[in-house]
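Step one of this worksheet: look at the structure below.
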Amino acid sequence: MGVHSTIKAELERNRGLVAIWRLEQIGCTRGQIRHAKTQLRAVHSGVLLSGHGPLTDWQRRKAATLTAPGTWLAEWSAASAYGIRGKDRWPTTVKRIGDGGPRTYGHRDPSVEGAYRVYFGDDFAADTAEIDDVAMVTPARTLLDLTDRVSERTARRQMRDALRLGVVQPIDLQLQVARHAGRRGIVVFRDAAHEYGSLGLHRSRSDAEALALSLLEAAGVERPEHNRLVAGCETDFLWVKPGVILELDGPQYHLFVSEDARKQALWEQAGWVVRRLWTDVVYDQPHVLLSEATRPVTEEERAIAAATTGPEDVVRRLGRRQPPATNVRKWSL
């Protein structure tokens, strides 16, 4: 015998998940709930799942928010869901109104799915939303909450990614600054929001581009045109007056040498001087970025560009480029 039709409808609405408190709320009897428990498997205390397969990411996040009324996906797990950090941390992180330090519930073995951590606060009710049927703390508030849990460098990276991906808008960040003056971590958050808010980072294809724009702006370098088409191909940065295009090459460069050479040949044949930097340089040697962006164009560069007849000329010059060796530890989310 299957579960009651009311419970079945709730399972369908939540993609196979159901919370006992929710069943009580919609009027299911104790007998119906007891029977459902025999037909379903427990994910958390009070949260049940139909089926025997592993939880999807959506189900894992939703299940954690169903552990009690007034629970929102937050902190690390919300940032992962929004795409502003990489792989989610274990356990799944949520937030509730209340006091005290974080509490972890469920199995201590990360290979077991039933674990979540609750963070408490009393000032985030205006910063919640339902996104893809999951109760979540908003992206801007998530960034603020994580600012005092990570290094300043990582906090800035997360904000750049959020702006670049269009997850937040500059006004969202300014509202957080206005609401939370005096809060721990607000100075780093405020300074980063001010620094990045006017740069148009939503046009950036990578964090290296976003950081490069910020570094150029902070150094007072003329702001380049960003991702503009030249000869039918998109550039990273260009300065019209000196006629310079600056390209940032990431780890994928050696996979697409021929395509990069084709574009550079077209630009040089159109009269542009092309300079290339590895993305590592942006993070580890920003002074090199500033130097390449500001130094005058030499006659030799003009002559090299004028002599380009096709991609093969560019390949001969650049095809064997190797990333610079660096002892600087790479930072990540």
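Observations on the model:
- Residues located in region 148-170, provided they are in a helix (DSSP H, G or I) and either under 28 Å from Leu55 (Cβ atoms) or not assigned by TED's automatic domain parsing to the domain that holds Leu199 (or both): Thr154, Gln158, Asp161, Ala162
- Tally, over region 231-253, of residues that are closer than 12 Å to Trp272 by Cα and either surrounded by fewer than 17 Cβ atoms within 10 Å (Cβ to Cβ) or in contact with a Gly (Cβ under 7 Å, 6 or more places away or on another chain) (or both): 5
- Hits in region 193-212 - residues which are within 20 Å of His287 (Cα to Cα), free of Cβ contacts under 8 Å to residues at least 60 places away in the same chain and touching a strand residue (DSSP E or B) at 6+ places or on another chain (Cβ under 7 Å): Glu209
- In region 159-196, of all residues being among the small types (Gly, Ala, Ser) and more than 16 Å from the chain's Cα centre (by Cα), the one that is surrounded by the fewest Cβ atoms within 10 Å (Cβ to Cβ) corresponds to Gly182.
- Conditions (1) farther than 26 Å from Gly83 by Cα; (2) modelled with pLDDT of 95 or more; (3) surrounded by 15 or more Cβ atoms within 10 Å (Cβ to Cβ); number of the one not met by Asp260: (2)
- Which listed residue, of Tyr82, Tyr105, Tyr119, is surrounded by fewer than 24 Cβ atoms within 10 Å (Cβ to Cβ), in contact with a Phe, Trp or Tyr (Cβ under 8 Å, 6 or more places away or on another chain) and of a type in the set (Phe, Trp, Tyr): Tyr105
- Those helices (runs of 4 or more DSSP H) lying entirely in region 30-147 with at least 1 residues in contact with a Lys or Arg (Cβ under 8 Å, 6 or more places away or on another chain) and within 23 Å of Ala181 (Cα to Cα): 75-82, 139-147
- Filtering region 283-333 to residues that are at pLDDT below 95, under 13 Å from Asp249 (Cβ atoms) and within 29 Å of the chain's Cα centre (by Cα) leaves Gln322, Pro323, Pro324.
- Of all the criteria given as (1) assigned to a helix (DSSP H, G or I); (2) within 22 Å of Ala210 (Cα to Cα); (3) touching a residue at least 12 places away in the same chain (Cβ under 8 Å), the one not satisfied by Ser258 is (2).
The values are calculated or read from the model by the stated rules, or taken from the named source; none is laboratory data. A quick note: this is a predicted structure, and the numbers were derived from the prediction, not measured. Neighbour counts run over all protein chains shown; Cβ positions are idealised from the backbone, glycine included.
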